[in-house]
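Single-structure report; data block below.
The values are calculated or read from the model by the stated rules, or taken from the named source; none is laboratory data. Just so we're clear, the structure is a prediction, and the values are computed from it rather than from any experiment. All Cβ positions, even for glycine, are placed from backbone atoms using ideal geometry, and neighbour counts span all protein chains on display.
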Amino acid sequence: MAQSRSLLQTIIHAAAERLADDPCIPAENRAAFRATAVTIFEQQVSAVLGADTVRISGWIIPPSVRQDRRERIERALRDGETPKAIAGRELVSERYVRKLRAELAGAGTDAP
């Protein structure tokens, strides 16, 4: 089983993914570009912060934004999206998405 990513790793990988998906990057070069971008981001974080490991705790998100995100996640679960896909898009852990899915199932909604 793959180790879950930290918040910083999730941000780095999401940024690399978005950069690699730019239309000016040829499709055959995207995987290499993505991998290189992740490496460069990680090296820069290490160089700037002077550490191999960085722990970042979540920032405070206004309740209305949290509620909007939760509603998007619940809608995506009802639409049959996987927890992994939802977590990657919403920048939350898969565990959180699975927890919401269990809550929906326990509440008798039509979530998978």
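Is it the case that ILE56 is assigned to a loop (DSSP other than H, G, I, E, B), at pLDDT below 90 and surrounded by 10 or more Cβ atoms within 10 Å (Cβ to Cβ)?
On the way: assigned to a loop (DSSP other than H, G, I, E, B): yes; at pLDDT below 90: yes; surrounded by 10 or more Cβ atoms within 10 Å (Cβ to Cβ): yes.
Yes; evaluated as a whole, the condition is true for this residue.
Among the residues making up the stretch 76-88, those that are more than 20 Å from ILE11 (Cα to Cα) and out of contact with any Asp or Glu (no Cβ under 9 Å at 6 or more places or on another chain) are LEU77, ASP79, GLY80, GLU81.
Within the stretch 75-87, not a single residue is assigned to a loop (DSSP other than H, G, I, E, B), under 18 Å from LEU7 (Cβ atoms) and of a type in the set (Gly, Ala, Ser).
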